[in-house]
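Report on the structure given below.
The values are calculated or read from the model by the stated rules, or taken from the named source; none is laboratory data. Treat the numbers as computed from the prediction; the structure is a model and nothing was measured. A quick note on method: Cβ atoms are made from the backbone with ideal geometry, for glycine too, and the neighbour counts reach across all protein chains shown. All accessible areas refer to the heavy atoms of the entire protein, side chains included, with ligands and DNA or RNA removed. Shrake-Rupley method; radii C 1.70, N 1.55, O 1.52, S 1.80 Å.
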Amino acid sequence: MEKNLKNVLVISFGFLLLFTAYGGLQSLQSSLHSEEGLGVASLSVLYAALILSSMFLPPVLIKKLGCKWTIAGSMCCYIAFSLGNFYASWYTLIPTSVILGLGGAPLWSAKCTYLTIAGNSYAEKAGKSGKDIINQYFGVFFLIFQSSGIWGNLISSLIFSQATTKVEIPEENLACCGAYDCITDTTNTTGSAELPSSLIYTLLGIYTASGVLAVLLIVLFLDQIKSDQAETEKEILEPPSFWSTFLATFQHLKDKRQCLLIPLTMYSGFEQGFLSGDYTKTYVTCALGIHYVGYAMICFSAVNSLCSLLFGKISQYTGRKLLFALATVTNIACIIALLLWKPHPKQLAVFFIFPALWGLSDAIWQTQTNGLYGILFEKHKEAAFANYRLWESLGFVIAFGYSTKLQVYIKLYILLSILALSMATYGVVEYLEAKSSPGTPTTTKNENVRPPTQETGI
C-alpha cells in the first residue's frame, strides 16, 4: 500500500474510533445528565471553549508538536470528557468539557494540515495535481469518518436495550413530553432514571476504550512528516501571528456580505443544538426511553451523510438557491409539526421521521453554507471560515445555554424566527451578488465541495 494512503487510513480510522465515542455521548448528554441542566450546560461550555481554541491554539501546538503529536494529544482531551461522565457533576463534567473544547480545534487543524502535506507530497512524486490528490484523501477520510454517528448511537441503544425492566411511562408523564414540556427533572428523565448504573458504566467504558484505541492507532502507526517536506510544512504550519489572525477575523466583518450571513451561520448551530439537546430529551427520552435516542440519531446521521453526498452532486445542476429553499421548507414543516404533535409511544415511526427530515435539511445547511463561504470570499478564505466557526459555535453555545431555561415551544419559535431572518439576509446576499456581477452564474462546480476544515459539530 502506498505510504501516504496508509497514513490517510490511519487518521480516518482514528477519527472514526474517537467520534464513535464522542458522537454517542453528545446525543445522550441532555438525557443522561438532566439534573439542573448539567448535560446541556456542559455542551454549552464545550462549544464556548472551542471558540477560544479556534482563535489561538492550533498554530502554536502544530508548530511545537507537529501534526502527529497534536492529533494524539488532542484526542486525549476527548478521552478526558468520557472519563468525566463516569462521575458526572459540575466539578467533573464542566472542566472536562473545557478540556475537550480546547482540544477540538487543534485536532481538526492538525488533521487537515497532515492530509494536505501528504497529498502535496504524493502529487509531487507522482507528477499529479496536488489539489486532486488532496480532494481524494479528504474524500477517503469523510467516507470513513461520517459513519461514526451511526456506530456511536447504535452502541448506546444496544446497551441500554439490555435493561431488564422496561418501564411503562404513565400517561400523566407523557402529557409533559413535547413542545409544551413541564420543565421538570422527573418528567423528562423517566426513560433514563430506571437505567442500571452498570449499563451506563459499561457504555462509558466502551466509549473510553474506543478513544484510547484511537490514540494508540495514531501513536503507533501514523508516520511523522518527513524532513524533506520542511518547506511545505513551514508554509502551512506558520500562519500569521495570533493577533493578525484574530484581527483579520473581525476585520472581515467590514464586508457586508459576511455580516448578512451571520444569522444563517448561527442558525446551523441552533438547529443542530435543538436536535441533540432538546428533541432527544423532551420527545424521544420522555416518551420512549433513553434507549431509543441512539436509534433516532442514527436516522439523522445516515440521512445526513447520504444527502450531503447527493446534494453535493446535484447542486451544480439545481443551484444553491433551490436547495436552500428546500431546506427552509423542510425545517419550517418540521418546526410546525413539532409544535402541534403530542408524542406517544404508539406513534413509534414518527419519532424517526423528524430526525430523518432534520438530517436532510442539515445536509443542505452544511454543504451549501460552506460552499457559499468558499465562493463569496475566495480571496479571504481563512478569515471567512474563522467567522464561520465563530458564529456557528456561538449558535451552539446559545442553544445549549438556554436549553434548560425555556420551554420547548419557545425554542421552536426562536428557531423559526432565526430561520426567517436567515433567509431574508441570505436573499440580500444573493441580490448583491447578482447586482455586482450581472449575467454571471451564481453557482460553480466547486460550490458542491464542503471545505475540509468544516465539520458538523466538533
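Brief remarks on what is shown
- Selection of first residues in region 63-83 that are touching a residue at least 40 places away in the same chain (Cβ under 8 Å) and of second residues that are of a type in the set (Ser, Thr, Tyr), restricted to Cβ pairs under 6 Å at least 6 apart or on distinct chains, gives the following pairs, ordered by first then second residue: Cys67/Thr113; Cys67/Tyr114; Tyr78/Tyr22; Phe81/Thr96; Ser82/Tyr207; Ser82/Thr208.
Yes or no, residue by residue, for (1) in a loop (DSSP other than H, G, I, E, B); (2) surrounded by fewer than 24 Cβ atoms within 10 Å (Cβ to Cβ); (3) modelled with pLDDT under 90:
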residue	(1), (2), (3)
Leu16	no, yes, no
Gly24	no, no, yes
Leu28	no, no, yes
Gly39	no, no, yes
Leu43	no, no, yes
Leu52	no, yes, yes
Leu57	no, yes, yes
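- Verdict on Tyr87 being open to solvent by 60 Å² or more (accessible area, probe 1.4 Å), more than 26 Å from the chain's Cα centre (by Cα) and among the aromatic types (Phe, Trp, Tyr): no
- Exclusive hit being in the same structural domain as Ala209 (by the TED database) and at pLDDT 90 or above, set Ile62, Ile71: Ile71
- For region 394-412, a residue qualifies if it is in a helix (DSSP H, G or I), in contact (Cβ under 8 Å) with a residue 60 or more places away in the chain and open to solvent by 10 Å² or more (accessible area, probe 1.4 Å), and the qualifying residues are Leu394, Val397, Ile398, Gly401, Tyr409.
- When we screen Ile134, Ile94 for residues that are open to solvent by 10 Å² or more (accessible area, probe 1.4 Å) and under 25 Å from Leu390 (Cα atoms), the only hit is Ile94.
- Qualifying residue in region 100-122 (condition: closer than 28 Å to Leu412 by Cα and open to solvent by less than 60 Å² (accessible area, probe 1.4 Å)): yes
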